[in-house]
Each structure stands twice: as C-alpha cells, then as structure tokens.
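The values are calculated or read from the model by the stated rules, or taken from the named source; none is laboratory data. Please read all numbers here as calculations on a predicted model, not as lab measurements. Positions of Cβ are backbone-derived with ideal geometry, glycine not excepted, and every protein chain shown enters the neighbour counts.
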Amino acid sequence: MNSDNRFLEDHRAHLTLILVLFSLTAVCFYSGKQELLLYGDAVAHVNIARRVVDNRHPLESFGQLGTVWLPLQHLAMLPFVWNDSLWRSGVAGAVPSMFAYVLGALGIFRLVNGGTPKIVAYIATGIYALNPNLLYMQSTAMNEPIFLAFFIWTLAYLDDFLRNCFPSLDVPFRPERKSPNSSLEACGITLAGGAFTRYDGWFVASFVGVIVVFAVAVWWRRTTDIRRQRAMAKSLIEFLLLNALVPVF
C-alpha cells in the first residue's frame, strides 16, 4: 500500500507541474495581448482589493470590502495588489485564479480517480484543464475559477463521505476507506469557501446540506456503535453551523 501511495503521489506531483505550466502559459499569452482586464468586473475586483491596502483611512481598511461581491477573492488578492505593476496589469487578480485553476483540475482528478481507472481520471482532468474559456478566466481577476475549485472539491469530499458511510457504494479502483467524519468536515470547509466567493455557493450549500442530512439519517439507522454516532453528530453539527454562519456573517 505504501508503494501504491508513493506512486500516486508522484503522479499528482507531475500532474500539478503540468497544470502550473498550462496556467502560466495562458497568463503570459493573455498578458502579452493586454487582455487580463477586459472584463469590467475584473477591474472592479482588483480595485476593491487595492482599496483595502491603499486608502485614506487605514483603520477602516477592511471596510472597503463588499459592494455587490463576496469578500474571499478580494482577501486572496491582498498579498499582490499592493504592488503597483501587479495591480495595474491585472496579474494581482490573476494569481488567486491561477491557484484555483490548478486546485480545481486536481480536484477533478481526485473525484474521477476515486471510481475509475487512472487513465479516465487523466482524460477528465485534461478536458477540464484545456477548456479555452477556463484558461482565459483563470488569467483574470474573475471569481468563477475560485468558485469552481471549491465546488469540485466539495463534490470530491461529498463522494468520499458517502462511500465511507456506505461501503456498498465502493468500487475496485477506490483507495482505502477512511472515517467519514473527516470527509464531512472537509466538505463543510470547501462549501463555506464557495459561499464566501459567490452567491451560487449559498444554493450549493443548501442542496448539499439536504443530501448530507439525509445520508447521515440513513447511516444512523444502520449503526449501533454509540461512539461512532457521537463523532458523526459532532461533525454534522460543525458542518451545518459553519455553512449557516457564512450567509449570516
């Protein structure tokens, strides 16, 4: 099993490097054509983040966040927008989208690799990563690639959770099973990240929440271990509270 894990990690490392090269190539191409800030929304995003680090009232910096957009993307830009050249060119806004592009593609690989041969996972990842629209969007300050990454990893963790709860769903290609609690908690975190990025995430969280509650109810009826039930209840409460607090906040 250890040799299999090392083999899988090597594959992921090589895949990550290829995805980074795709991302950098796309950014260089569109930057050379001065097309990073074609969207008016992209300009607004980098300017909102810039106002946090460059305004007349430093004590009220984070009060510059908001307007019609949710704050996570702008917070992710803060390490980059203070630099004038990165801000003016739009590269400051592209960096979080580039990270999200790579993470989203890796999420596709993990999701598909959990139930199919590895070659199918590579094909699915390639279809996602080579989408021309996505390659452009990940070169801009738009928030769609960031939300996509959170959404994909939400599905990956939800898939892990359901398979770990119900071993009958398992398939020969799947790695060793783990406790469903950690998958549920990770799913809650990625859902919250998506809900802090786009309002679409609020609807996704609602639907996924219904699925999780139903799955836990079915699992609870089939489980007699009190310790496991208590651990699951704790994870479910954390999952629900986290995603309820995002829109309240």
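Points worth noting:
- Residues that are among the charged types (D, E, K, R) and touching a helix residue (DSSP H, G or I) at 6+ places or on another chain (Cβ under 9 Å), drawn from region 17-58: Glu35, Arg50, Arg51, Asp54
- Matching residues in region 196-226 - criterion: being under 30 Å from Gln73 (Cβ atoms) and hydroxyl-bearing (Ser, Thr, Tyr): Thr197, Tyr199, Ser206
- Filtered residue count, region 27-47, keeping only those that are over 13 Å from Arg88 (Cα atoms), of a type outside the set (Ser, Thr, Tyr) and either touching a Lys or Arg at 6+ places or on another chain (Cβ under 7 Å) or not in a loop (DSSP other than H, G, I, E, B) (or both): 6
- Tally, over region 143-154, of residues that are at pLDDT 95 or above and outside any helix (DSSP H, G or I): 0
- Residue within region 105-125 that is modelled with pLDDT of 95 or more and not in a helix (DSSP H, G or I) present: no
- Qualifying positions in region 114-139 - closer than 18 Å to Tyr157 by Cβ and touching a Ser or Thr at 6+ places or on another chain (Cβ under 9 Å): Ala124
- Out of Ile237, Ile211, Ile189, one residue alone is within 21 Å of Cys165 (Cα to Cα) and within 17 Å of the chain's Cα centre (by Cα). It is Ile189.
- For Leu135, the requirement of being in contact (Cβ under 8 Å) with a residue 60 or more places away in the chain and surrounded by fewer than 23 Cβ atoms within 10 Å (Cβ to Cβ) is met.
- Sole exception among (1) surrounded by fewer than 24 Cβ atoms within 10 Å (Cβ to Cβ); (2) closer than 26 Å to Asn243 by Cβ for Thr154, by number: (1)
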